[in-house]
1. Can you pick out the pairs among Lys53/Lys204; Lys53/Lys181; Lys105/Lys166; Lys74/Lys204 whose Cα atoms lie more than 29 Å from each other?
2. Taking Rh as the Kirkwood radius computed over C-alpha pairs, what is the Stokes-Einstein D of the range 103-214 at 10 °C in a medium of viscosity 1.306 mPa s, expressed in µm² per second?
3. Report the net charge of residues surrounding Pro122, where surrounding means a beta-carbon distance below 12 angstrom and charges are Lys +1, Arg +1, Asp -1, Glu -1.
4. List the residues whose amide H sits under 5 Å from the amide H of Gln148, counting only those 5 or more places along or on another chain, with H placed 1.01 Å from N in the peptide plane.
5. How much mean residue ellipticity at 222 nm does the chain get from its helices, if each DSSP H run of length 4 or more adds -39500 (n - 2.57) and you divide by all residues, to the nearest 500 deg cm²/dmol?
6. Give me the percent relative contact order of the chain, please, defined on Cα pairs under 8 angstrom at least 6 residues apart.
7. Taking amide H positions as placed in the peptide plane 1.01 Å from N, state which residues far from Lys4 in sequence (5 or more) or on other chains have amide H under 5 Å from it.
8. Quick one: work out Rg over Rh on the C-alpha atoms of the chain, Rh as Kirkwood radius.
Amino acid sequence: MRIKIAPSVLSADFSKLGAELKKVERAGADLIHVDVMDGHFVPNITIGPVVVKYLRKATSLPLDVHLMIENPAKYVDDFVKAGSDMITVHIETLGLGELAAIAKKLKAKGVKLGISLNPATPLAKIKKTLPLVDFVLVMSVNPGFSGQAFIPGAIKKVKELRAIFKKDISVDGGINHQTAKLVRDAGANILAAGSYIFGAKNTKKAINSLRRGS
Ligand code: DX5
Ligand code: ZN
């Protein structure tokens, strides 16, 4: 599977988001990862649909919107309207019935649905959701902040998931050139990375190192 790199704008300079998007776009990014946090599901507050709407205008890359919020069903429409191409919800925030309703809605709009699980949540918790989703986003840090250390338990989760799931597997949190290799070898094909990409002197080199491990 082709490896896709998704820079997380959470590590970008928010005073010049348009320029930051162009920078990663020119450097070969495949997707733009957008971390939405509500101060309830996670201990941090970031951005909402208003910002997504303007990110949409600033790049032609698909927007991979990661909802770390309670009651995601209430907000999905707003994020679709704002121009999301992929929307990820957390298994810790909703039940199977709600997820099925979101899946139906997103399918009708041509938006991909992802399910995510926290480091402490066992893989068994998402098994029933797999027929409903287009991809799984495995968290390799506790959601809330960029710049945290990779939690190695994610590797085993990705391996076990890859054995039963043939679609896209994304890993998010603490990704650098070393941890990228570990999760690629385990079977992940989308890598979301914030601080490693936006903190790099050479953005293109950083993105290439995640894709190819050089
Ligand atoms: C964490 C977010 C991640 C984060 C990644 O809650 O979901 O997407 O921004 O940042 P790094 O790559 O710095 O861990
Ligand atoms: Zn994220």
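1. Lys53/Lys181; Lys74/Lys204
2. Approximately 109 µm²/s, per Stokes-Einstein.
3. Once positives and negatives cancel, what remains is +2.
4. Amide H to amide H, under 5 Å and 5 or more residues apart or across chains, Gln148 pairs with Gly174.
5. So the helix-based figure for the chain works out to -10000 deg cm²/dmol.
6. Rounded, it is 22 percent for the chain.
7. For Lys4, the qualifying residues are Ile190, Leu191.
8. Expressed as Rg/Rh, it is 0.93.
Read-outs throughout are calculated quantities, based only on the coordinates presented, and are distinct from any laboratory measurement. Keep in mind it's a predicted model, so treat the numbers as computed, not measured. Heads up, the Cβs are rebuilt from the backbone with ideal geometry, glycines too, and the neighbour counts pull from every protein chain shown.
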